[in-house]
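Please read the structure below before turning to the comments.
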Amino acid sequence: MKGKLVIFSAPSGAGKTTIVKHLLQQDLELEFSVSATSREPRKGEVNGIDYYFLTVDEFRKKIENGEFLEWEEVYSGIFYGTLKSEVERIRSKGKNVIFDVDVVGGSNIKKFYGTEALAVFVKPPSVEELKHRLKNRSTESEEKIKMRIAKAEKELEYVGKFDVIIVNDDLPKALIEAENVVSEFLSENGEN
Ligand code: ADP
Ligand code: 5GP
């Protein structure tokens, strides 16, 4: 049987990567959908594990060839996308796919797969707190943090397109909530 799909989306800094990494360590038969991006790797990020890092030209070529299930220019000049081959690779093994994608990508994947997918929106307690988290994470320049925050208000408007909302205020609580909703969805055998 083909695996199911679990989507985590949120404004940058809300904590979705932290939650997704935790879920991958649980006994849930999940495998991470490695996205393609044209952004520079961060310190410690590995090609093929965190992302497939492509040049803008390579990315555009894959768009032209119809290789993406979805793609977005999430920030000006920076592309992100889910390769069809990545989803097939994981599902054909019977494993469940977990996505960490922006809110537009997440709602598009949900629309495409319907009840085969669970779409989870991770909400930060406030935009102020997002700023703190991005500053503390220290992975982006001040200018890039501003760009991410400017986008967050708009992104929060997508919440209604998702099946479940997890407010990530107290992290241990958010992790348990995520484990519960995902394991419940994966154990259902029909519609969600
Ligand atoms: P995203 O993937 O949504 O951009 P991350 O998972 O990278 O977000 O989290 C952003 C930063 O906030 C990271 O430094 C992470 O360790 C931290 N963080 C995650 N959840 C919480 C939380 N509940 N409280 C405080 N800091 C958090
Ligand atoms: P980051 O640069 O912090 O890794 O990611 C920035 C944003 O791009 C995040 O919201 C992340 O979820 C999103 N993203 C990562 N991969 C994809 C993808 O394949 N498709 C879309 N639409 N967004 C993605």
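What follows draws every value from the coordinates through simple rules; no lab data is involved. Small disclaimer: the values here were computed from a predicted structure and weren't measured. Glycine gets a Cβ as well: all are built from the backbone with ideal geometry, and neighbour counts include every protein chain shown.
A few notes on this one:
- Debye log10 I(q)/I(0) at q = 0.15 Å⁻¹ for the range 41-120, Cα point scatterers: -0.58
- Ranked by how many other beta carbons lie within 10 Å on average, peptides 47-53, 174-180 from highest: 174-180, 47-53
- Helix-only arithmetic for the chain: the sum of -39500 (n - 2.57) across DSSP H runs with n ≥ 4, divided by the residue total, places the mean residue ellipticity at 222 nm at -13000 deg cm²/dmol.
- Averaging over all projection directions, the Cα-based convex hull of the chain occupies 10.5 nm² in the image plane.
- In the range 5-187, taking the dipole from charged Cβ atoms about the Cα centre, the farthest positive-side position among 117, 23, 65 is held by 65.
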